[in-house]
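Readers should treat all values here as calculations from the given coordinates under stated rules, not as data from a laboratory. Because the structure is a prediction, the values reported are computed rather than measured. A quick note on method: Cβ atoms are made from the backbone with ideal geometry, for glycine too, and the neighbour counts reach across all protein chains shown.
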Amino acid sequence: MYPELMVMPMREELTRLGIKETRTAEDVDKAIKQPGTTMVVVNSICGCAAGKMRPAVRAALQNAARPDQTITVFAGQDREATDTVRSYFTGYPPSSPSIGILQDGELVYMMQRSDIETSDPQTIALKLAQAFNQFCTKSTV
């Protein structure tokens, strides 16, 4: 685990976007059990999270269709919350960073580290926006 002071700016990069930080298993379960779509961002200290995933999430959230709610956990820091999130990502091995979209608690879209590290932020944002258009009904228009 890294010192919290070192991780804080990486957490804030997502929470400034309105993404709710979930730091306990209870926080995660409560959020995911809400009706509608939930985007879950598994944040990480790695370079592909900083240079690709977080900028892509910021861009994708400009899309007209968006998830009903967005939450984040920080891998390697909030272990219990991260383990709980990963229990909802059935069929996928642990991966950080990663992004999942759940609809009424069921996983409908998954973007793993391998998808993130082999793409640029614009491509990641486009793929997320396409997933929002397919699975999310909330509109900012």
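Quick notes
- Flag for R66 being more than 20 Å from D120 (Cβ to Cβ), surrounded by 13 or more Cβ atoms within 10 Å (Cβ to Cβ) and in contact with a Phe, Trp or Tyr (Cβ under 6 Å, 6 or more places away or on another chain): yes
- Only listed residue being more than 26 Å from Y2 (Cα to Cα) and among the β-branched types (V, I, T), chosen from T118, T84, T72, T137: T137
- Of the residues making up region 95-125, those that are within 25 Å of P35 (Cα to Cα), free of Cβ contacts under 8 Å to residues at least 24 places away in the same chain and either in contact with a helix residue (DSSP H, G or I) (Cβ under 8 Å, 6 or more places away or on another chain) or surrounded by 14 or more Cβ atoms within 10 Å (Cβ to Cβ) (or both) are L107, M110, M111, Q112.
- Counting only helices (runs of 4 or more DSSP H) that sit completely within region 1-119, those holding 2 or more residues that are of a type in the set (G, A, S) and more than 17 Å from F132 (Cα to Cα) correspond to 25-32, 79-88.
- Just one of the listed residues (V85, V57, V40) is surrounded by 18 or more Cβ atoms within 10 Å (Cβ to Cβ), farther than 23 Å from Q122 by Cβ and β-branched (V, I, T), and it is V85.
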